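Enquirer: Structure provided below as structure tokens; questions to follow.
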Amino acid sequence: MIRYLSGILAEVGEAEIVVEVQGVGYAVNVPVSMMELLPDLGENIKVYTYFSVREDAMQLFGFLNREDLQMYRLLISVNGIGPKAGMGIMGSLTGEDIRYAVMTEDAKTIAKAPGIGPKTAKKVILELKDKVDLEEMVASGVAQDSAGIAGMTGAAGMKGTANQGVVQDAIEALVVLGYPKTDAAKAVRSVELAEDMTVEDLLKKSLKKI
């Protein structure tokens, strides 16, 4: 198995790059969203890869960090999500967005990806919800501050169940106002919680983050 490639960025295509490693050029499929993060041609690059082997093709799919590769592996473990479909989702949403969408059961956000309808989006949530948890997000650097996500327990920095209730209510209020649940959770999470903060206070601060 090829876990990663470390070499020179030799070519850049529409959704593919070529990494030259000791004189050998490896074609790597990458998400469209990764293109703007690439170094200049001729510069060093390290790509974490998934090697897909099928009867009709052998392909490398690559990402700039392990966290995105891990999320990609989770996505293609869902029944009906193949390597290309998984890459399409990763090209439309960040790994963080996908985690939030799964944990908040926000099928609408996942359904924004090309070729992913509401039914498939719900299947992604159903099959991944037990595999994506807050502990994993903290470990990957996605959630490190004092705020939390609605419905989750054990969030670092939460000052008791009162604050958890405030966070839950603030997220639900944003959803009622028309914001996607994923965006609402991210906005609330970005606010530093105070012990005496009310739902109204948190809501006002959260609205400024959206």
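Enquirer: Quick one: Karplus J couplings for the stretch 98-105, per residue in order, coefficients 6.51, -1.76, 1.60, θ = phi - 60°, nearest Hz, x for Gly and Pro?
Expert: 5, 4, 4, 4, 5, 6, 9, 6
Enquirer: Given a cut-off of under 8 Å on Cα pairs at least six residues apart, what relative contact order in percent is computed for the stretch 65-144?
Expert: This gives 29 percent for the stretch 65-144.
Enquirer: Using R₀ = 30 Å, calculate the FRET efficiency as 1/(1 + (r/R₀)^6) where r is the Cβ-Cβ separation of MET35 and LYS204; round to 0.05.
Expert: E between MET35 and LYS204, to the nearest 0.05, is 0.20.
Enquirer: Moving on. Read phi for every residue in the stretch 51-58 and hand back ³J(HN,Hα) as whole Hz from Karplus 6.51 cos²θ - 1.76 cosθ + 1.60, θ = phi - 60°, with x for Gly and Pro.
Expert: 9, 9, 10, 10, 4, 9, 6, 10
Enquirer: Also, quick follow-up: Taking 0.36 nm per residue of sequence separation and subtracting the Cα-Cα distance, how much length would be gained by fully extending the chain between VAL24 and LYS112, in nm to one decimal?
Expert: This chain segment gains 28.0 nm when fully extended.
Enquirer: For LYS46 and ARG66, calculate 0.36 nm times their separation in residues minus their Cα-Cα distance, and state this gained length in nm to one decimal.
Expert: Numbers: separation 20, 0.36 × 20 = 7.20 nm, distance 1.07 nm.
Length gained between LYS46 and ARG66: 6.1 nm.
Enquirer: Report the local net charge at MET58: Lys and Arg +1, Asp and Glu -1, summed over other residues whose C-beta lies under 15 Å from its C-beta.
Expert: Around MET58, the charge tally is -1.
Enquirer: Through the Karplus equation 6.51 cos²θ - 1.76 cosθ + 1.60, θ set to phi - 60°, convert the phi angles of the stretch 174-185 into ³J(HN,Hα) values in whole Hz; use x for Gly and Pro.
Expert: 5, 5, 4, 6, x, 7, x, 4, 5, 5, 5, 5
FYI, it's all coordinate maths here, none of it is from the lab. Model, not experiment: these values are computed from the prediction. So basically every Cβ, Gly included, is an ideal-geometry build from the backbone, and we count neighbours across all protein chains shown.
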